[in-house]
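Q: One structure follows; several queries about it will come next.
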Amino acid sequence: MTDPHVLRPHAEDAFADELTALTAADDRPRPERWRLSPWAVATYLLGGTLPDGTVITPKYVGPRRVVEVAVSTLATDRALLLLGVPGTAKTWVSEHLAAAISGDSTLLVQGTAGTPEEALRYGWNYARLLANGPSRDALVPSPVLRAMADGATVRVEELTRIPADVQDTLITVLSEKTLPVPELGEEVQAVRGFNLVATANDRDRGVNELSSALRRRFHTVVLPLPATAEAEVDIVSRRVDEIGRSLDLPPAPEGVEEIRRVVTVFRELREGVTSDGRTKVKSPSGTLSTAEAISVVTGGMALASHFGDGVLRAGDVAAGLLGAVVRDPAADRVVWQEYLEAVVREREEWQDLYRACREASV
């Protein structure tokens, strides 16, 4: 049962009822140690209605084939690399894949510039190591090693942020399905059901390209940005609603139109042209992802709820828009000012947003 005091429950806890209903309704073949069949995993991510009337909420809004390819890849012994620009739900998808397949999304290695080799292999309990020397009791398994032993799905987030020499630790794991422990003169072999989901993007600074040897051991699935404005509005609305409930924010009435304006601003600046195709605009240095739009709207909801009348208005999202767009104070501020004057100012129905953004920019 989900602890109501937990700020962000794991996927397998937050959606336990849906996973239980899918397990009961799932009569299709399942790979060894999978909690659900590939069909049920895809249904869990994409949403649907079960024969007993249970509604499975969509966790990912995007092309169905992308999810089917990702799930079918994990049903083989090939590792999966989810690639995309920041904010395309790579982490969200990887978490839900692990929750649906293994019932445990916590086997996680978070990639950073300082991730050591031990995070992917194993470490040591130094008190035991000094007292008794190398032994199984002194070995501290990494999430990868635990997943290999249990036949579970392990996640490696932001793989390209990990130093290249540490990344290549995975080559033996993914090709030979084994992890040598030379200190003990033995190895750990992966049992059936083990697989690995990694996420990566090549847009952020500090990226370490994957070696060709490591990249060949992944099947890469690219998660695209939402194809249409309506799809992106739907994604932002769903996630803002979920986050708002977890933070006990009262629902902001009439918020959809404000969400649509935030999404429109992001898409136009991202694509370098207005939605009607008539005006070209400069793009800022940031990615202006869907995740950032969610953050802007969530911050606006908090302002409207705690310092306003509960209605999401232009003034509640203006500061968030400025912060999301202007990452480089010199270049991006010029881009933002030009967009305000050339696009926002010219839209009669956006005059409140124009005034609010001008005030926030002062």
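The values are calculated or read from the model by the stated rules, or taken from the named source; none is laboratory data. For clarity, every value in this text was computed on a predicted model and none was experimentally measured. Every residue, glycine among them, receives a Cβ derived from its backbone with ideal geometry; neighbour counts consider all protein chains shown.
Q: Within the range 7-18, identify whether any single residue is touching a Lys or Arg at 6+ places or on another chain (Cβ under 9 Å), within 15 Å of residue 221 (Cα to Cα) and part of a loop (DSSP other than H, G, I, E, B), and answer yes or no.
A: Checking the range 7-18: not a single residue is touching a Lys or Arg at 6+ places or on another chain (Cβ under 9 Å), within 15 Å of residue 221 (Cα to Cα) and part of a loop (DSSP other than H, G, I, E, B).
Q: Residue 318: out of contact with any Asp or Glu (no Cβ under 9 Å at 6 or more places or on another chain) and either within 21 Å of residue 279 (Cα to Cα) or not hydroxyl-bearing (Ser, Thr, Tyr) (or both), yes or no? Lay out the reasoning, then the answer.
A: Details: out of contact with any Asp or Glu (no Cβ under 9 Å at 6 or more places or on another chain): no; either within 21 Å of residue 279 (Cα to Cα) or not hydroxyl-bearing (Ser, Thr, Tyr) (or both): yes.
In short, no.
Q: Sticking with this structure for a sec: Within the range 30-48, identify whether any single residue is among the acidic types (Asp, Glu), outside the structural domain of residue 244 (by TED's automatic domain parsing) and either crowded, with 20+ Cβ neighbours inside 10 Å or over 23 Å from residue 198 (Cα atoms) (or both), and answer yes or no. I'd like the intermediate steps shown before the answer.
A: To start, the set of residues in the range 30-48 that are among the acidic types (Asp, Glu) comprises 32.
Narrowing further to those that are outside the structural domain of residue 244 (by TED's automatic domain parsing): 32.
Add one more test, that the residue is either crowded, with 20+ Cβ neighbours inside 10 Å or over 23 Å from residue 198 (Cα atoms) (or both), and what stays is none.
The answer is no; no qualifying residue exists.
Q: Which of the residues spanning the range 227-241 are surrounded by 17 or more Cβ atoms within 10 Å (Cβ to Cβ) and in contact (Cβ under 8 Å) with a residue 40 or more places away in the chain?
A: Within the range 227-241, 232, 234, 235, 236, 239, 240 qualify.
Q: Go over the candidates 103, 114, 84, 151 one by one and state the one that is more than 30 Å from residue 58 (Cβ to Cβ) and either surrounded by fewer than 22 Cβ atoms within 10 Å (Cβ to Cβ) or out of contact with any Gly (no Cβ under 9 Å at 6 or more places or on another chain) (or both).
A: Numbers: 103 fails: more than 30 Å from residue 58 (Cβ to Cβ); 84 fails: more than 30 Å from residue 58 (Cβ to Cβ); 151 fails: more than 30 Å from residue 58 (Cβ to Cβ).
After ruling out the rest, the residue left standing is 114.
Q: Scan 218, 266 and give me the residue that is closer than 30 Å to residue 112 by Cβ, within 21 Å of the chain's Cα centre (by Cα), at pLDDT 90 or above and assigned by TED's automatic domain parsing to the domain that holds residue 162.
A: Numbers: 266 fails: assigned by TED's automatic domain parsing to the domain that holds residue 162.
Result of the check over 218, 266: 218.
Q: Hey, another quick one. Out of 224, 284, which single residue is crowded, with 19+ Cβ neighbours inside 10 Å and touching a residue at least 24 places away in the same chain (Cβ under 8 Å)? Even if it seems obvious, please write down each step before you answer.
A: Numbers: 224 fails: crowded, with 19+ Cβ neighbours inside 10 Å.
Going through 224, 284 in turn, the sole match is 284.
Q: Considering only the range 185-203, I want to know if a residue exists there that is closer than 20 Å to residue 90 by Cα and surrounded by fewer than 14 Cβ atoms within 10 Å (Cβ to Cβ).
A: Yes: one or more hits.
Q: Any chance you could count how many residues in the range 42-78 are closer than 24 Å to residue 191 by Cβ and more than 17 Å from the chain's Cα centre (by Cα)?
A: So the answer is 7.
Q: Can you go through 304, 293 and tell me which one is of a type outside the set (Ser, Thr, Tyr), touching a residue at least 60 places away in the same chain (Cβ under 8 Å) and buried (at least 22 other Cβ atoms within 10 Å of the Cβ)? Break it down into steps so the answer makes sense when it comes.
A: Working: 304 fails: touching a residue at least 60 places away in the same chain (Cβ under 8 Å).
Step by step, each of 304, 293 is checked, and only 293 is of a type outside the set (Ser, Thr, Tyr), touching a residue at least 60 places away in the same chain (Cβ under 8 Å) and buried (at least 22 other Cβ atoms within 10 Å of the Cβ).
Q: Any residue that is β-branched (Val, Ile, Thr) and under 28 Å from residue 150 (Cβ atoms) - is there at least one of those in the range 82-90?
A: We begin by selecting, within the range 82-90, every residue β-branched (Val, Ile, Thr); these are 85, 88.
Now restrict to residues that are under 28 Å from residue 150 (Cβ atoms): none.
Looking for residues that are β-branched (Val, Ile, Thr) and under 28 Å from residue 150 (Cβ atoms), one finds none in the range 82-90, hence no.
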